[in-house]
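These notes are about the structure you will find just below.
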Amino acid sequence: MNVFRLAGDMTHLLSILLLLLKIYATKSCSGVSRKTQELYAIVFIFRYLDLFTDFISVYNTFMKVVFIASSLAIVWCMRFHPVVRRSYDRELDTFRYFFLVGASFALALIWHEKFSVQEVFWAFSIYLEAVAILPQLVLLQRSGNVDNLTGQYVFFLGAYRAFYILNWIYRYLTEPRFTRWIAGTSGVVQTALYADFFYYYFISWKNNSKLKLPA
Amino acid sequence: SAEGKYHDEL
């Protein structure tokens, strides 16, 4: 574990806590893409298939459980919570994410660490996570005003993988024969997809104005 | 197993 990876995990955890806070405090999920939340639930379930077979550390197991449980809880709230579900932007959250799932799985069948069920699903979860934010970014563009907590959620969700890129660089420089080509390539694509959001987020922070993504 | 430790990251 290095400081970059710890910062990445804590930033990721913070983003999830911010989203839970927004939904709990406002009893609303306006501006939040349920499709992105469902994609993240799929990402965590298929990435952590080794949850019960490979014990890495208490921290690792704990965080995996937190990520799976929180993503499922958020999807449950947005689908079934009697109050929260009413604020879901159903008519704006229309990204056809089936193609993202299909393309990620097809790529995982071609490019993986090892041709085994666990490794193909692991690569699938890595590729899917890279594009999972797309429905959320599209929703932000369509729903003009973005509330602070939702903006902060997306910001920290994008920042966490940037910390992981620093972690991979650090490990590549300090550990012999360390490579993470699949996660590294996918992580760069994932972080790049946030580029324009980061730009408009910085502008809104600098001008102390409401975050606004151009349609 | 050593193999299992491969995915030591989240």
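Within the stretch A:22-38, being touching a helix residue (DSSP H, G or I) at 6+ places or on another chain (Cβ under 6 Å) and in a helix (DSSP H, G or I) holds for A:22, A:23, A:34, A:35, A:36, A:37, A:38. In the stretch A:2-25, the count of residues that are over 28 Å from residue A:119 (Cα atoms) and either within 12 Å of chain B (Cβ to nearest Cβ) or of a type in the set (Gly, Ala, Ser) (or both) is one or more.
Got at least one residue in the stretch A:176-188 being closer than 20 Å to residue A:4 by Cβ, among the hydroxyl-bearing types (Ser, Thr, Tyr) and surrounded by 12 or more Cβ atoms within 10 Å (Cβ to Cβ)?
Yes, there is a match, as at least one residue in the stretch A:176-188 is closer than 20 Å to residue A:4 by Cβ, among the hydroxyl-bearing types (Ser, Thr, Tyr) and surrounded by 12 or more Cβ atoms within 10 Å (Cβ to Cβ).
With respect to the conditions (1) under 23 Å from residue A:161 (Cβ atoms); (2) surrounded by fewer than 17 Cβ atoms within 10 Å (Cβ to Cβ), residue A:80 falls short on a single one, namely (1). Looking only at residues that are over 16 Å from residue A:12 (Cα atoms) and more than 14 Å from chain B (Cβ to nearest Cβ) in the stretch A:148-176, which one is modelled with the lowest pLDDT? Residue satisfying both the conditions and the ranking: A:176. In the condition set (1) in contact with a Leu (Cβ under 7 Å, 6 or more places away or on another chain); (2) within 11 Å of chain B (Cβ to nearest Cβ), residue A:92 is compliant with all but (2).
The values are calculated or read from the model by the stated rules, or taken from the named source; none is laboratory data. None of these values were measured; they are calculated from a predicted model. Please note: Cβ atoms are built from the backbone with ideal geometry, for glycine as well, and neighbour counts cover all protein chains shown.
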